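Novice: If you scroll down you'll find the structure; I have some questions about it.
We did not get these values from a lab; they are worked out from the coordinates using the rules stated. Source: prediction; values computed, not measured. In this analysis, Cβ positions are derived from the backbone assuming ideal geometry, glycine residues included, and neighbour counts consider all displayed protein chains.
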């Protein structure tokens, strides 16, 4: 799913939209014991509850593709009759009306989800009547020829509110505020099946993780049965390992700077794309060649790539560009540079010592205070 398709599904979570048919919920404590369950026709809830649930659903489809949101694809080997995929298909086809199937899903989550505190599992079934689109992109609601039946799962932490004082209107006094268990924004979730090319794709799903470094792979394997995604951090580490092993002792500042300049240019070219750019082995090799890495250094590239990332693994561009930062660190100095102005920093040998030289204008601050880089007598002409 790309950004436009995700946005189209998020737009269904609003007042006066009747796509959601049913909601189920299960509150689990820190000892993995079920405390209470919910099963309702969604619009039997109060308007205030519906609004709060809508916010949770939207957040489960929010974040950066490849970082918080991951497109997971099933292979033919993942879709057997006794697979997790088959179980999700059953949940969807039953529209969450079979209590036994829903309860079995809760048990699978409780057994595989590693979280030592209270949490709330939410499941909804929704039926989106996909409108057709005219050549100009306008939606034609009377030209639908498919209904996208899907389930959305959200796993939300439930935390005890902070102690404090509050005003009690009944007693007209300031008193100790009662502590309650509050449902927090979701930390994990998924949409099944995927909504690719504005159509149902039962061979994929969209997975959400609020913390990009806590992907809950055991939960993915047990409940979703799809290959687990690779975290941003792991992709960045793999890229650094590829550079280190390929360049060896020739991993010089100027080459690394040029690599990041090339990456920044690539990111700028694709900033309006609906899907994040990925770099496979051939694209990374081309990147290094373009950045001035010599042919003899690239002799070790294939082996370095396969050992660090895997033969067929692609690396997401946003994972290695550092969120628009270029940082240079020594044990005593930390410099951050706008990737568009890497030309301001260069290396020089002065009196036998290596220096990083930074070109500056008059706009210089030290700890937030504007300063002059030279006195009036020493100002260069």
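Novice: Who wins for biggest fluctuation among 32, 133, 210 in a Gaussian network model of the chain, springs between alpha carbons below 10 Å?
Specialist: 133
Novice: A further question on this structure: Scale the Cα Rg of the stretch 1-72 by the rule-of-thumb value 2.2 N^0.38 Å and send over the ratio, two decimals.
Specialist: 1.31
Novice: Here is a further query. Hey, how much of the P(r) for the stretch 255-381 falls beyond 22 Å, as a percent of Cα pairs?
Specialist: On the way: 4274 of 8001 pairs.
Considering the stretch 255-381, 53 percent of its Cα-Cα pairs are separated by more than 22 Å.
Novice: Of 125, 149, 77, how do they rank once you tally other Cβ atoms within 10 Å and put the fewest first?
Specialist: If I rank by nearby Cβ atoms, fewest first, I get 77, 149, 125.
Novice: For the stretch 3-124, what is the percent of antiparallel DSSP beta bridges, rounded to the nearest 5?
Specialist: So the antiparallel bridges amount to about 95 percent of the total.
Novice: Under the √(5λ) rule applied to the eigenvalues of the Cα gyration tensor, what semi-axes describe the equivalent ellipsoid of the stretch 326-371? Give them in Å, descending.
Specialist: 20, 13, 13
Novice: Still on this structure: Sum -39500 (n - 2.57) across every DSSP H segment of at least 4 residues in the chain, then divide by the residue count to get the 222 nm mean residue ellipticity, nearest 500.
Specialist: -8000 deg cm²/dmol
Novice: So, in nm, how far is label residue 365 from label residue 249 when the simple model puts each one 7 Å beyond its Cα toward the Cβ?
Specialist: Distance between label points: 4.4 nm.
Novice: Over the chain, what relative contact order in percent results from Cα pairs under 8 Å that are six or more residues apart? It would help to have the intermediate numbers written out before the result.
Specialist: Details: 579 pairs, mean separation 56.7, N = 381.
For the chain, the relative contact order is 15 percent.
Novice: Taking Cα atoms, how many degrees apart are the long axis of helix 84-94 and the longest axis of the chain, rounded to 10 and kept between 0 and 90?
Specialist: 40
Novice: What translational diffusion coefficient, in µm²/s and rounded to a whole number, does the Stokes-Einstein relation yield for the chain at 25 °C and a viscosity of 0.890 mPa s, taking the hydrodynamic radius as the Kirkwood radius over Cα pairs?
Specialist: 99
Novice: Between 167, 119, 253, which gets the highest mean-square fluctuation from a Gaussian network model of the chain, Cα cutoff 10 Å?
Specialist: 167
Novice: How big is the stretch 213-281 in terms of Cα radius of gyration and Dmax, in angstroms?
Specialist: 16.1, 47
Novice: Using packing as a proxy for protection, rank 183-195, 12-24 so that the peptide with the highest average count of other Cβ atoms within 10 Å comes first.
Specialist: Averaged packing, sorted descending, gives the order 183-195, 12-24.
Novice: Please check: in the Gaussian network model of the chain (C-alpha springs, under 10 Å), which one of 168, 118, 68 has the largest mean-square fluctuation.
Specialist: Most flexible of the set in this elastic network: 168.
Novice: Listed highest first by mean packing, meaning other Cβ atoms within 10 Å per residue, what order do 298-304, 46-52 come in?
Specialist: Sorting 298-304, 46-52 by mean packing, highest first, produces 298-304, 46-52.
Novice: Could you give the Stokes-Einstein D for the stretch 109-251 in µm² per second, using the C-alpha Kirkwood radius, 4 °C, 1.567 mPa s?
Specialist: 66
Novice: For the stretch 233-320, take the convex hull of the Cα atoms, compute a quarter of its surface area, and give me that in nm², please. Display every interim value, and only then the final one.
Specialist: Values: hull surface 21.5 nm².
For the stretch 233-320, the mean projected area of the Cα convex hull comes to 5.4 nm².
Novice: Given an 8 Å cut-off on Cα distances and at least 6 residues of separation, report the relative contact order of the stretch 228-312 as a percent.
Specialist: So the answer I get is 48 percent.
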